[in-house]
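Comments concern the structure below.
Just so you know, all these numbers are worked out from the coordinates, no wet-lab data involved. Nothing here was measured: the structure is a model prediction, and the numbers come from that model. Counting neighbours? That spans all protein chains shown, and the Cβs are built from the backbone with ideal geometry, glycine included.
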Amino acid sequence: MIDPGSIGVTRWLIVVTMLIGVGGLISQLQATVDQLFDRLSDTARRDPLTGLLNRRGFEERLDAELARARRGNRSVALVLADLDHFKTVNDRLGHPAGDAVLIRVAEVLDRVGRRGDTVARMGGEEFVFIVPDADSSQGYELAERVRTAVEEAFAEQPVKLTVSCGAVSFPVDGITADSLMAAADQALYAAKRSGRNRTEQATRVADVAPLAAV
């Protein structure tokens, strides 16, 4: 004769085992979904061509760095860099060559910055550095390293590319992300007006009208 009590215990053990298995499966699915979400979220903030942060990723990082700087009474430098005469590459060599140039520039810039610096592609041939705990002079020094590195990287290429830079810093040249970017834009245009392949700082810039073509 079968003991009813033992049958109940067996059924209970089966149910518990199934629940544990289902719980483990749900946990694995949740972890997979979380990983997928993280990858998708990172993809939305990355430039698909160069792998650098895109404009959205840059804006989020800049907001975070400025908030950190305000809390700690620190400075943040911003370096805006734009390739000179990049249109020549596309016109002479084609858009695939232009894409290859942008990838190469991204690789060069990624090696120039310090650990903790952020480099992003804003779109087209424009790139930007966020340099935490750096003042205007340190931003200028980074911009000059960027300019020299790009010039050297393309010195033996069919099109000898250079880059113009605008260097500014928080809070001296702007206290918001928008005002800081406006100052960087102004400094960059001054560099273009002054002959390209150079760096200008916001404190040295008079009112400069935007160029029709850079």
task: Highest first, please rank the peptides 73-86, 113-126 by the mean number of other Cβ atoms sitting within 10 Å of their residues.
output: 73-86, 113-126
- prompt: Which is farthest toward the positive dipole end of segment 55-204 among G72, G195, L180, measuring Cα position about the Cα centre, with Cβ charges +1 (Lys, Arg) and -1 (Asp, Glu)?
  reply: G72
message: Starting from the 7 Å offset along Cα-to-Cβ, what nm value, one decimal, do you get for the label separation of L13 and D135?
response: 7.5 nm
field: Highest average packing first - 61-70, 89-98, Cβ atoms within 10 Å
entry: 61-70, 89-98
message: Once R0 is set to 35 Å, what does the formula 1/(1 + (r/R0)^6) return for the Cβ-Cβ distance between E60 and D99, expressed as a FRET efficiency to the nearest 0.05?
response: 0.90
field: Computed label-point distance, nm, for sites T148 and T162 using a 7 Å Cα→Cβ extension
entry: 1.6 nm
